[in-house]
Amino acid sequence: MSETTAPVEVLDVPATEQEATGKELVAVMRDRARTYGMLARIFRVEADDDLVAQMRGMKFPTATGNEHVDKGYRLLFNYLSTVWEDTRLDLARDYMRTFIGHGVNGHSAAYPFESVHTSEKRLLMQEARDEVLAIYRANNLKKDESWRDCEDHIAVELEFMQVMAKRTADALLAGREDEAVEELRTQRAFVRDHLANWVPIFVHDIMQWSETDFYRGAGELLLGFVQVEGETLDDLLANEA
Amino acid sequence: MAHETYGEAAQAADRYGAVQDDLELFEDDEFDPFAADVDQPDDEAEDDQITDLPMMSELPESHRVRGRYDKANYASAQDALRELLRGNPARRQVLVAIIDACNDPHTTSEVAQVVEGVQRDNLSVYTPLSLCRMLETAGALTAQVPESSEEEVDEDGDGYLEVKEPREATWTATDAGLEVVSELREGNEVRELVGSASESPYRDIYLRLLDFCAEQGRSAKEVGALIDDDPLVQNPRRYGAHFIDGMEATGALVWRDKGWHTTELGRRFLAAERDEAAVAVVAE
(Lines give C-alpha, C1' and ligand atoms only; values in the text may rest on other atoms or scores of the structure.)
Protein backbone atom coordinates (compact mmCIF):
# COMPACT_ATOMS: atom_id res chain seq x y z
CA MET A 1 0.00 0.00 0.00
CA SER A 2 1.39 3.41 -0.89
CA GLU A 3 1.69 6.21 1.63
CA THR A 4 -0.94 8.25 -0.17
CA THR A 5 -3.58 5.58 -0.04
CA ALA A 6 -6.60 6.77 1.86
CA PRO A 7 -7.44 4.48 4.73
CA VAL A 8 -11.12 4.41 3.88
CA GLU A 9 -10.25 2.89 0.51
CA VAL A 10 -8.36 0.15 2.20
CA LEU A 11 -11.23 -0.14 4.59
CA ASP A 12 -13.62 -0.86 1.75
CA VAL A 13 -15.55 2.41 1.80
CA PRO A 14 -16.70 4.23 -1.38
CA ALA A 15 -14.67 7.35 -2.20
CA THR A 16 -17.66 9.69 -2.06
CA GLU A 17 -18.27 8.80 1.51
CA GLN A 18 -14.66 8.90 2.55
CA GLU A 19 -14.62 12.17 4.47
CA ALA A 20 -17.73 11.49 6.49
CA THR A 21 -16.74 7.89 6.96
CA GLY A 22 -13.33 8.96 8.23
CA LYS A 23 -15.02 10.82 11.08
CA GLU A 24 -17.29 7.89 11.71
CA LEU A 25 -14.28 5.60 11.85
CA VAL A 26 -12.63 7.77 14.47
CA ALA A 27 -15.87 7.64 16.46
CA VAL A 28 -16.01 3.87 16.08
CA MET A 29 -12.42 3.54 17.30
CA ARG A 30 -13.16 5.70 20.31
CA ASP A 31 -16.30 3.74 21.13
CA ARG A 32 -14.32 0.53 20.90
CA ALA A 33 -11.67 1.97 23.21
CA ARG A 34 -14.35 3.01 25.71
CA THR A 35 -15.88 -0.43 25.74
CA TYR A 36 -12.51 -2.13 26.13
CA GLY A 37 -11.69 0.32 28.91
CA MET A 38 -14.92 -0.39 30.72
CA LEU A 39 -14.57 -4.14 30.42
CA ALA A 40 -10.92 -4.02 31.49
CA ARG A 41 -11.91 -2.06 34.58
CA ILE A 42 -14.71 -4.45 35.46
CA PHE A 43 -12.44 -7.49 35.33
CA ARG A 44 -9.27 -5.87 36.69
CA VAL A 45 -10.29 -5.50 40.35
CA GLU A 46 -13.46 -5.49 42.41
CA ALA A 47 -16.06 -2.87 41.57
CA ASP A 48 -16.04 0.22 43.75
CA ASP A 49 -18.66 2.88 44.39
CA ASP A 50 -17.35 5.10 41.61
CA LEU A 51 -17.61 2.36 39.02
CA VAL A 52 -21.13 1.46 40.11
CA ALA A 53 -22.15 5.13 40.07
CA GLN A 54 -20.73 5.60 36.58
CA MET A 55 -22.43 2.53 35.26
CA ARG A 56 -25.74 3.59 36.80
CA GLY A 57 -25.43 6.70 34.65
CA MET A 58 -25.08 4.70 31.44
CA LYS A 59 -27.68 4.02 28.81
CA PHE A 60 -28.00 0.34 28.00
CA PRO A 61 -28.90 -0.38 24.36
CA THR A 62 -31.59 -3.00 23.97
CA ALA A 63 -31.10 -4.16 20.38
CA THR A 64 -27.49 -4.09 19.27
CA GLY A 65 -27.80 -7.03 16.92
CA ASN A 66 -25.81 -9.38 19.17
CA GLU A 67 -27.80 -11.48 21.59
CA HIS A 68 -24.99 -11.77 24.14
CA VAL A 69 -24.44 -8.03 24.20
CA ASP A 70 -28.18 -7.44 24.62
CA LYS A 71 -28.39 -10.01 27.40
CA GLY A 72 -25.30 -8.58 29.08
CA TYR A 73 -26.71 -5.07 29.07
CA ARG A 74 -30.05 -6.34 30.38
CA LEU A 75 -28.38 -8.21 33.26
CA LEU A 76 -26.20 -5.23 34.15
CA PHE A 77 -29.25 -2.98 34.01
CA ASN A 78 -31.23 -5.34 36.24
CA TYR A 79 -28.47 -5.45 38.82
CA LEU A 80 -27.84 -1.73 38.79
CA SER A 81 -31.58 -1.00 38.93
CA THR A 82 -31.88 -2.87 42.19
CA VAL A 83 -30.94 -1.45 45.56
CA TRP A 84 -28.79 -3.93 47.41
CA GLU A 85 -27.95 -3.31 51.00
CA ASP A 86 -24.27 -2.92 50.28
CA THR A 87 -23.58 -3.12 46.59
CA ARG A 88 -19.83 -2.71 46.91
CA LEU A 89 -19.53 -5.54 49.43
CA ASP A 90 -21.90 -7.67 47.41
CA LEU A 91 -19.79 -7.20 44.28
CA ALA A 92 -16.49 -7.66 46.12
CA ARG A 93 -17.73 -10.97 47.46
CA ASP A 94 -18.89 -12.08 44.04
CA TYR A 95 -15.64 -10.98 42.40
CA MET A 96 -13.70 -13.06 44.92
CA ARG A 97 -15.96 -16.08 44.47
CA THR A 98 -16.01 -15.81 40.69
CA PHE A 99 -12.45 -14.91 39.71
CA ILE A 100 -10.27 -15.96 42.63
CA GLY A 101 -12.07 -18.81 44.37
CA HIS A 102 -10.58 -20.77 47.22
CA GLY A 103 -9.62 -24.10 45.75
CA VAL A 104 -6.31 -25.35 44.38
CA ASN A 105 -7.58 -27.85 41.83
CA GLY A 106 -7.61 -25.42 38.91
CA HIS A 107 -11.39 -25.67 38.68
CA SER A 108 -12.51 -23.54 41.61
CA ALA A 109 -13.16 -20.26 39.83
CA ALA A 110 -13.43 -18.58 36.45
CA TYR A 111 -9.72 -17.87 36.21
CA PRO A 112 -9.13 -14.66 34.25
CA PHE A 113 -5.89 -15.85 32.63
CA GLU A 114 -5.64 -17.10 29.07
CA SER A 115 -2.95 -19.64 29.97
CA VAL A 116 -5.23 -21.45 32.38
CA HIS A 117 -7.83 -22.03 29.68
CA THR A 118 -5.45 -22.90 26.86
CA SER A 119 -2.90 -25.11 28.60
CA GLU A 120 -3.42 -28.79 29.13
CA LYS A 121 -2.85 -28.68 32.88
CA ARG A 122 -4.64 -25.37 33.46
CA LEU A 123 -1.48 -23.63 34.61
CA LEU A 124 -0.46 -19.99 34.71
CA MET A 125 2.46 -18.52 32.76
CA GLN A 126 2.18 -20.87 29.81
CA GLU A 127 2.53 -20.37 26.06
CA ALA A 128 -0.33 -17.86 25.81
CA ARG A 129 1.37 -15.54 28.27
CA ASP A 130 4.62 -15.65 26.30
CA GLU A 131 2.75 -14.90 23.10
CA VAL A 132 0.81 -11.89 24.38
CA LEU A 133 3.92 -10.56 26.09
CA ALA A 134 5.74 -10.64 22.76
CA ILE A 135 2.83 -8.80 21.12
CA TYR A 136 2.79 -6.11 23.78
CA ARG A 137 6.54 -5.60 23.36
CA ALA A 138 6.27 -5.54 19.59
CA ASN A 139 3.78 -2.70 20.03
CA ASN A 140 6.03 -0.75 22.39
CA LEU A 141 4.07 -1.51 25.51
CA LYS A 142 5.80 -2.38 28.72
CA LYS A 143 4.55 -3.63 32.03
CA ASP A 144 3.48 -1.12 34.63
CA GLU A 145 5.39 -1.70 37.85
CA SER A 146 2.19 -1.86 39.87
CA TRP A 147 0.77 -4.75 37.86
CA ARG A 148 1.69 -7.96 39.61
CA ASP A 149 -0.48 -10.46 37.79
CA CYS A 150 0.36 -12.32 34.63
CA GLU A 151 0.30 -10.51 31.31
CA ASP A 152 -2.41 -12.76 29.90
CA HIS A 153 -4.97 -11.55 32.47
CA ILE A 154 -8.20 -10.65 30.70
CA ALA A 155 -7.97 -7.05 31.94
CA VAL A 156 -4.52 -6.64 30.40
CA GLU A 157 -5.56 -8.15 27.09
CA LEU A 158 -8.57 -5.83 27.00
CA GLU A 159 -6.42 -2.89 27.97
CA PHE A 160 -4.06 -3.74 25.12
CA MET A 161 -6.98 -3.56 22.71
CA GLN A 162 -8.09 -0.30 24.31
CA VAL A 163 -4.66 1.22 23.72
CA MET A 164 -4.57 -0.03 20.13
CA ALA A 165 -8.05 1.33 19.36
CA LYS A 166 -7.06 4.73 20.78
CA ARG A 167 -3.88 4.69 18.73
CA THR A 168 -5.91 3.89 15.63
CA ALA A 169 -8.23 6.83 16.30
CA ASP A 170 -5.23 9.12 16.81
CA ALA A 171 -3.57 7.87 13.62
CA LEU A 172 -6.74 8.42 11.59
CA LEU A 173 -7.14 11.92 12.96
CA ALA A 174 -3.54 12.74 12.15
CA GLY A 175 -3.84 11.32 8.65
CA ARG A 176 -1.40 8.47 9.28
CA GLU A 177 -3.45 6.00 7.30
CA ASP A 178 -0.90 3.22 6.91
CA GLU A 179 -0.30 3.22 10.62
CA ALA A 180 -4.03 2.99 11.31
CA VAL A 181 -4.44 0.03 8.98
CA GLU A 182 -1.45 -1.75 10.45
CA GLU A 183 -2.84 -1.28 13.94
CA LEU A 184 -6.19 -2.64 12.84
CA ARG A 185 -4.41 -5.71 11.47
CA THR A 186 -2.71 -6.21 14.82
CA GLN A 187 -6.04 -5.91 16.59
CA ARG A 188 -7.74 -8.36 14.25
CA ALA A 189 -4.97 -10.89 14.79
CA PHE A 190 -5.12 -10.41 18.56
CA VAL A 191 -8.87 -10.96 18.66
CA ARG A 192 -8.64 -14.03 16.43
CA ASP A 193 -5.63 -15.61 18.11
CA HIS A 194 -6.33 -14.73 21.70
CA LEU A 195 -9.59 -13.16 22.85
CA ALA A 196 -11.90 -15.19 20.59
CA ASN A 197 -9.91 -18.27 21.50
CA TRP A 198 -10.52 -18.28 25.23
CA VAL A 199 -13.18 -15.71 26.15
CA PRO A 200 -16.06 -18.15 25.37
CA ILE A 201 -14.65 -20.67 27.87
CA PHE A 202 -13.89 -17.98 30.41
CA VAL A 203 -17.41 -16.57 30.16
CA HIS A 204 -18.88 -20.03 30.47
CA ASP A 205 -17.00 -20.41 33.74
CA ILE A 206 -18.17 -17.00 34.94
CA MET A 207 -21.74 -18.25 34.53
CA GLN A 208 -20.86 -21.25 36.68
CA TRP A 209 -19.49 -19.23 39.56
CA SER A 210 -20.99 -15.76 39.62
CA GLU A 211 -24.05 -15.16 41.75
CA THR A 212 -24.73 -11.58 40.71
CA ASP A 213 -26.26 -10.26 37.54
CA PHE A 214 -23.43 -7.74 37.50
CA TYR A 215 -20.64 -10.18 36.71
CA ARG A 216 -22.92 -12.47 34.74
CA GLY A 217 -23.93 -9.48 32.66
CA ALA A 218 -20.31 -8.36 32.28
CA GLY A 219 -19.48 -11.87 31.08
CA GLU A 220 -22.25 -11.86 28.48
CA LEU A 221 -21.21 -8.39 27.35
CA LEU A 222 -17.59 -9.50 27.04
CA LEU A 223 -18.53 -12.54 24.98
CA GLY A 224 -20.80 -10.57 22.69
CA PHE A 225 -18.33 -7.73 22.32
CA VAL A 226 -15.53 -10.07 21.30
CA GLN A 227 -17.86 -11.61 18.69
CA VAL A 228 -18.81 -8.17 17.37
CA GLU A 229 -15.17 -7.14 17.36
CA GLY A 230 -14.22 -10.09 15.19
CA GLU A 231 -16.93 -9.12 12.70
CA THR A 232 -16.16 -5.40 12.81
CA LEU A 233 -12.44 -5.84 12.23
CA ASP A 234 -13.10 -8.30 9.42
CA ASP A 235 -15.47 -5.80 7.79
CA LEU A 236 -13.04 -2.92 8.17
CA LEU A 237 -10.25 -4.92 6.59
CA ALA A 238 -12.44 -6.61 4.02
CA ASN A 239 -9.98 -5.91 1.22
CA GLU A 240 -7.23 -7.63 3.14
CA ALA A 241 -6.50 -11.30 2.89
CA MET B 1 11.75 4.56 22.15
CA ALA B 2 8.95 5.71 24.39
CA HIS B 3 6.80 2.99 25.85
CA GLU B 4 3.28 3.11 27.11
CA THR B 5 2.38 0.88 29.99
CA TYR B 6 -0.32 -1.67 30.47
CA GLY B 7 -1.78 -3.22 33.61
CA GLU B 8 -1.88 0.22 35.10
CA ALA B 9 -3.43 0.82 38.46
CA ALA B 10 -3.79 -2.77 39.43
CA GLN B 11 -2.98 -2.97 43.08
CA ALA B 12 -1.06 0.06 44.27
CA ALA B 13 -3.20 2.71 45.85
CA ASP B 14 -1.09 5.50 44.43
CA ARG B 15 -1.99 4.33 40.94
CA TYR B 16 -5.69 4.76 41.61
CA GLY B 17 -5.77 8.07 39.80
CA ALA B 18 -4.81 6.30 36.61
CA VAL B 19 -7.85 4.06 36.89
CA GLN B 20 -10.06 7.09 37.11
CA ASP B 21 -8.45 8.45 33.99
CA ASP B 22 -9.36 5.25 32.22
CA LEU B 23 -12.90 5.45 33.46
CA GLU B 24 -13.36 8.82 31.88
CA LEU B 25 -13.39 6.94 28.65
CA PHE B 26 -16.88 5.70 29.37
CA GLU B 27 -18.34 8.59 31.31
CA ASP B 28 -20.33 9.66 28.30
CA ASP B 29 -24.06 9.35 28.95
CA GLU B 30 -24.53 8.49 25.33
CA PHE B 31 -22.20 5.55 25.69
CA ASP B 32 -23.17 2.99 23.10
CA PRO B 33 -20.19 1.13 21.73
CA PHE B 34 -22.16 -0.65 19.06
CA ALA B 35 -24.28 2.16 17.73
CA ALA B 36 -21.65 3.00 15.14
CA ASP B 37 -21.64 -0.51 13.73
CA VAL B 38 -23.73 0.03 10.67
CA ASP B 39 -23.75 -3.57 9.50
CA GLN B 40 -25.77 -6.14 11.31
CA PRO B 41 -23.45 -8.96 12.39
CA ASP B 42 -23.91 -12.15 10.45
CA ASP B 43 -24.49 -15.47 12.08
CA GLU B 44 -21.25 -17.05 10.96
CA ALA B 45 -19.28 -15.75 13.92
CA GLU B 46 -21.60 -17.64 16.24
CA ASP B 47 -20.45 -20.84 14.60
CA ASP B 48 -16.84 -19.96 15.33
CA GLN B 49 -17.35 -20.35 19.05
CA ILE B 50 -15.26 -23.00 20.68
CA THR B 51 -17.49 -25.73 21.93
CA ASP B 52 -15.30 -28.80 22.11
CA LEU B 53 -12.94 -27.80 24.90
CA PRO B 54 -13.55 -29.02 28.46
CA MET B 55 -16.03 -26.88 30.31
CA MET B 56 -16.46 -26.53 34.02
CA SER B 57 -19.95 -27.99 33.80
CA GLU B 58 -18.37 -31.25 32.63
CA LEU B 59 -16.36 -31.58 35.80
CA PRO B 60 -17.32 -34.16 38.39
CA GLU B 61 -19.54 -32.90 41.17
CA SER B 62 -16.68 -33.45 43.62
CA HIS B 63 -14.84 -30.51 42.06
CA ARG B 64 -17.65 -28.09 42.71
CA VAL B 65 -17.44 -25.81 45.72
CA ARG B 66 -20.76 -24.85 47.24
CA GLY B 67 -21.81 -23.06 50.36
CA ARG B 68 -22.06 -25.32 53.39
CA TYR B 69 -25.81 -24.95 53.67
CA ASP B 70 -26.57 -24.90 49.95
CA LYS B 71 -29.74 -26.86 49.30
CA ALA B 72 -27.89 -28.68 46.52
CA ASN B 73 -25.84 -30.41 49.22
CA TYR B 74 -28.92 -31.90 50.89
CA ALA B 75 -31.76 -34.18 50.05
CA SER B 76 -34.17 -31.29 50.38
CA ALA B 77 -34.33 -27.59 51.11
CA GLN B 78 -35.95 -28.50 54.43
CA ASP B 79 -32.85 -30.48 55.42
CA ALA B 80 -30.56 -27.64 54.35
CA LEU B 81 -32.54 -25.16 56.43
CA ARG B 82 -32.62 -27.43 59.47
CA GLU B 83 -28.83 -27.75 59.26
CA LEU B 84 -28.41 -24.01 58.78
CA LEU B 85 -30.43 -23.34 61.93
CA ARG B 86 -28.64 -26.08 63.85
CA GLY B 87 -25.26 -24.75 62.78
CA ASN B 88 -26.10 -21.13 63.68
CA PRO B 89 -27.98 -21.30 66.99
CA ALA B 90 -27.25 -17.66 67.81
CA ARG B 91 -28.90 -16.58 64.54
CA ARG B 92 -31.74 -19.04 64.71
CA GLN B 93 -34.26 -16.60 66.09
CA VAL B 94 -33.63 -13.96 63.46
CA LEU B 95 -33.51 -16.46 60.61
CA VAL B 96 -36.84 -17.93 61.66
CA ALA B 97 -38.28 -14.42 62.07
CA ILE B 98 -37.24 -13.52 58.52
CA ILE B 99 -38.87 -16.62 57.05
CA ASP B 100 -41.96 -15.99 59.10
CA ALA B 101 -42.17 -12.36 58.00
CA CYS B 102 -41.60 -13.28 54.36
CA ASN B 103 -44.73 -15.40 54.35
CA ASP B 104 -45.87 -12.08 52.93
CA PRO B 105 -43.33 -10.69 50.45
CA HIS B 106 -40.96 -8.21 52.08
CA THR B 107 -38.52 -5.81 50.46
CA THR B 108 -34.91 -5.81 51.67
CA SER B 109 -35.47 -2.70 53.77
CA GLU B 110 -38.59 -4.23 55.33
CA VAL B 111 -36.58 -7.33 56.17
CA ALA B 112 -33.95 -5.03 57.67
CA GLN B 113 -36.59 -3.64 60.04
CA VAL B 114 -37.54 -7.16 61.11
CA VAL B 115 -33.88 -8.00 61.68
CA GLU B 116 -33.28 -4.81 63.61
CA GLY B 117 -36.17 -5.59 65.95
CA VAL B 118 -35.14 -9.19 66.58
CA GLN B 119 -31.43 -8.45 66.94
CA ARG B 120 -31.84 -5.44 69.17
CA ASP B 121 -30.18 -7.35 72.01
CA ASN B 122 -28.17 -9.76 69.95
CA LEU B 123 -26.10 -7.85 67.45
CA SER B 124 -24.43 -9.61 64.60
CA VAL B 125 -21.85 -9.01 61.90
CA TYR B 126 -24.36 -10.47 59.43
CA THR B 127 -26.25 -7.84 57.52
CA PRO B 128 -29.95 -8.39 56.75
CA LEU B 129 -29.01 -9.05 53.13
CA SER B 130 -26.44 -11.66 54.18
CA LEU B 131 -29.07 -13.40 56.27
CA CYS B 132 -31.50 -13.34 53.35
CA ARG B 133 -28.84 -14.73 51.04
CA MET B 134 -28.10 -17.54 53.49
CA LEU B 135 -31.78 -18.43 53.55
CA GLU B 136 -32.02 -18.14 49.78
CA THR B 137 -29.06 -20.52 49.34
CA ALA B 138 -30.66 -22.99 51.72
CA GLY B 139 -33.90 -22.76 49.76
CA ALA B 140 -36.01 -21.02 52.41
CA LEU B 141 -36.44 -17.73 50.56
CA THR B 142 -36.66 -16.58 46.97
CA ALA B 143 -35.70 -13.13 45.75
CA GLN B 144 -37.61 -11.28 43.10
CA VAL B 145 -35.52 -8.62 41.46
CA PRO B 146 -37.81 -6.04 39.90
CA GLU B 147 -37.75 -6.31 36.15
CA SER B 148 -37.77 -2.97 34.49
CA SER B 149 -38.98 -2.75 30.96
CA GLU B 150 -39.24 0.99 30.74
CA GLU B 151 -37.45 1.06 27.45
CA GLU B 152 -36.89 4.45 25.92
CA VAL B 153 -36.04 5.45 22.39
CA ASP B 154 -33.33 7.93 21.47
CA GLU B 155 -33.35 10.41 18.59
CA ASP B 156 -32.02 7.77 16.20
CA GLY B 157 -34.89 5.44 17.04
CA ASP B 158 -32.69 3.04 19.01
CA GLY B 159 -34.10 1.56 22.20
CA TYR B 160 -32.22 1.81 25.46
CA LEU B 161 -32.66 1.26 29.17
CA GLU B 162 -31.62 3.77 31.78
CA VAL B 163 -31.45 3.31 35.53
CA LYS B 164 -33.89 5.78 37.04
CA GLU B 165 -34.71 5.14 40.67
CA PRO B 166 -33.07 1.90 41.82
CA ARG B 167 -35.64 -0.46 43.29
CA GLU B 168 -35.43 -3.09 46.00
CA ALA B 169 -35.50 -6.85 45.73
CA THR B 170 -38.48 -8.58 47.32
CA TRP B 171 -38.05 -11.71 49.43
CA THR B 172 -40.68 -14.43 49.73
CA ALA B 173 -40.61 -17.52 51.93
CA THR B 174 -40.71 -20.84 50.12
CA ASP B 175 -43.02 -23.69 51.09
CA ALA B 176 -39.97 -25.57 52.37
CA GLY B 177 -39.00 -22.65 54.60
CA LEU B 178 -42.50 -22.27 56.01
CA GLU B 179 -42.75 -26.01 56.60
CA VAL B 180 -39.61 -26.01 58.75
CA VAL B 181 -40.76 -22.95 60.69
CA SER B 182 -44.05 -24.71 61.35
CA GLU B 183 -42.15 -27.75 62.62
CA LEU B 184 -40.09 -25.58 64.91
CA ARG B 185 -43.22 -24.09 66.44
CA GLU B 186 -44.31 -27.57 67.44
CA GLY B 187 -41.22 -27.85 69.65
CA ASN B 188 -40.06 -31.22 68.37
CA GLU B 189 -36.41 -30.24 68.70
CA VAL B 190 -36.72 -29.45 72.42
CA ARG B 191 -38.46 -32.74 73.06
CA GLU B 192 -35.87 -34.62 71.05
CA LEU B 193 -32.99 -32.98 72.88
CA VAL B 194 -34.38 -33.48 76.38
CA GLY B 195 -35.43 -37.00 75.51
CA SER B 196 -32.13 -38.00 73.91
CA ALA B 197 -29.94 -40.65 75.48
CA SER B 198 -27.21 -38.20 76.43
CA GLU B 199 -29.46 -35.47 77.81
CA SER B 200 -32.40 -37.32 79.35
CA PRO B 201 -30.58 -37.72 82.71
CA TYR B 202 -30.69 -33.93 82.94
CA ARG B 203 -34.39 -33.56 82.24
CA ASP B 204 -35.06 -32.01 85.63
CA ILE B 205 -32.22 -29.55 85.16
CA TYR B 206 -33.69 -28.42 81.83
CA LEU B 207 -37.14 -28.00 83.34
CA ARG B 208 -35.76 -26.01 86.28
CA LEU B 209 -33.82 -23.81 83.88
CA LEU B 210 -36.91 -23.06 81.78
CA ASP B 211 -38.97 -22.42 84.89
CA PHE B 212 -36.28 -20.16 86.32
CA CYS B 213 -36.03 -18.08 83.13
CA ALA B 214 -39.80 -17.95 82.67
CA GLU B 215 -40.10 -15.77 85.75
CA GLN B 216 -37.74 -13.06 84.50
CA GLY B 217 -34.55 -12.61 82.53
CA ARG B 218 -31.61 -14.39 84.12
CA SER B 219 -27.90 -13.83 83.70
CA ALA B 220 -25.49 -16.67 83.02
CA LYS B 221 -24.17 -16.19 86.54
CA GLU B 222 -27.64 -16.66 88.04
CA VAL B 223 -28.18 -19.77 85.92
CA GLY B 224 -24.80 -21.07 87.11
CA ALA B 225 -25.84 -20.52 90.73
CA LEU B 226 -29.02 -22.51 90.06
CA ILE B 227 -27.36 -25.45 88.33
CA ASP B 228 -23.63 -25.76 88.90
CA ASP B 229 -23.82 -27.25 92.43
CA ASP B 230 -26.53 -29.78 91.61
CA PRO B 231 -25.33 -33.39 92.23
CA LEU B 232 -26.62 -34.36 88.77
CA VAL B 233 -24.03 -32.19 87.00
CA GLN B 234 -20.97 -33.15 89.05
CA ASN B 235 -19.93 -36.28 87.17
CA PRO B 236 -19.63 -35.89 84.28
CA ARG B 237 -19.19 -32.21 85.03
CA ARG B 238 -21.67 -29.92 83.34
CA TYR B 239 -22.19 -26.21 83.80
CA GLY B 240 -25.11 -23.88 83.29
CA ALA B 241 -23.80 -22.77 79.89
CA HIS B 242 -24.25 -26.29 78.54
CA PHE B 243 -27.95 -26.23 79.29
CA ILE B 244 -28.39 -22.67 78.08
CA ASP B 245 -26.77 -23.63 74.77
CA GLY B 246 -29.08 -26.61 74.34
CA MET B 247 -32.21 -24.58 75.02
CA GLU B 248 -31.09 -21.69 72.83
CA ALA B 249 -30.28 -24.03 69.94
CA THR B 250 -33.77 -25.51 70.10
CA GLY B 251 -35.50 -22.15 70.47
CA ALA B 252 -36.66 -22.57 74.08
CA LEU B 253 -34.45 -19.79 75.47
CA VAL B 254 -33.56 -16.42 74.00
CA TRP B 255 -31.21 -13.62 75.07
CA ARG B 256 -33.19 -10.42 75.45
CA ASP B 257 -32.92 -7.31 77.61
CA LYS B 258 -29.63 -8.49 79.10
CA GLY B 259 -31.02 -11.78 80.31
CA TRP B 260 -32.01 -15.27 79.23
CA HIS B 261 -35.76 -15.62 78.78
CA THR B 262 -37.91 -18.68 78.22
CA THR B 263 -39.63 -18.34 74.86
CA GLU B 264 -43.25 -19.14 74.14
CA LEU B 265 -42.08 -22.43 72.69
CA GLY B 266 -40.14 -23.15 75.92
CA ARG B 267 -43.15 -22.29 78.04
CA ARG B 268 -45.36 -24.64 76.05
CA PHE B 269 -42.79 -27.40 76.43
CA LEU B 270 -42.59 -26.75 80.18
CA ALA B 271 -46.36 -26.83 80.55
CA ALA B 272 -46.64 -30.04 78.55
CA GLU B 273 -43.95 -31.70 80.65
CA ARG B 274 -45.71 -30.68 83.86
CA ASP B 275 -49.04 -32.01 82.57
CA GLU B 276 -47.34 -35.28 81.74
CA ALA B 277 -45.79 -35.47 85.18
CA ALA B 278 -49.18 -34.76 86.82
CA VAL B 279 -50.83 -37.49 84.79
CA ALA B 280 -48.11 -39.90 85.83
CA VAL B 281 -48.58 -39.05 89.52
CA VAL B 282 -52.36 -39.56 89.27
CA ALA B 283 -51.82 -42.86 87.50
CA GLU B 284 -49.57 -44.04 90.29
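Computed quantities for the displayed model
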quantity	calculated
Check on A:Ala238, open to solvent by 10 Å² or more (accessible area, probe 1.4 Å) and within 13 Å of chain B (Cβ to nearest Cβ)	yes
The range A:20-40 residues that are within 15 Å of A:Phe225 (Cβ to Cβ) and within 8 Å of chain B (Cβ to nearest Cβ), paired with ones that are outside any helix (DSSP H, G or I) and open to solvent by 10 Å² or more (accessible area, probe 1.4 Å) (beta carbon under 7 Å, 6 or more apart)	A:Val28/B:Ala36; A:Asp31/B:Ala36
When residues of the range B:230-244 are limited to those that are in a helix (DSSP H, G or I) and out of contact with any helix residue (DSSP H, G or I) (no Cβ under 7 Å at 6 or more places or on another chain), the one nearest to B:Gly266 (Cα to Cα)	B:His242
Residue within the range B:127-145 that is among the charged types (D, E, K, R), within 14 Å of chain A (Cβ to nearest Cβ), over 25 Å from B:Leu253 (Cβ atoms) and outside any helix (DSSP H, G or I) present	no
Helices (runs of 4 or more DSSP H) fully within the range A:126-234 counting 2 or more residues that are more than 9 Å from chain B (Cβ to nearest Cβ) and open to solvent by 10 Å² or more (accessible area, probe 1.4 Å)	A:127-138, A:154-173, A:177-190
Some residue of the range B:205-217 being of a type in the set (Ser, Thr, Tyr) and farther than 19 Å from B:Arg268 by Cα	no
Segments classed as helices (runs of 4 or more DSSP H), wholly inside the range B:55-125, with at least 1 members that are within 14 Å of chain A (Cβ to nearest Cβ) and modelled with pLDDT of 95 or more	B:92-101
Tally of residues being in contact (Cβ under 8 Å) with a residue 24 or more places away in the chain and more than 9 Å from chain A (Cβ to nearest Cβ) across the range B:151-182	12
Tally, over the range A:52-88, of residues that are assigned to a loop (DSSP other than H, G, I, E, B), of a type in the set (Val, Ile, Thr) and crowded, with 21+ Cβ neighbours inside 10 Å	1
Filter pass, B:Glu162 being farther than 22 Å from B:Asn73 by Cα and touching a Gly at 6+ places or on another chain (Cβ under 7 Å)	no
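The values are calculated or read from the model by the stated rules, or taken from the named source; none is laboratory data. Worth saying up front: this structure is predicted, and the values here are computed from it rather than measured. Glycine also receives a Cβ, built like all others from the backbone with ideal geometry; neighbour counts cover every protein chain displayed. With ligands, DNA and RNA removed, areas are computed over all heavy atoms of the protein, side chains included. Shrake-Rupley method; radii C 1.70, N 1.55, O 1.52, S 1.80 Å.
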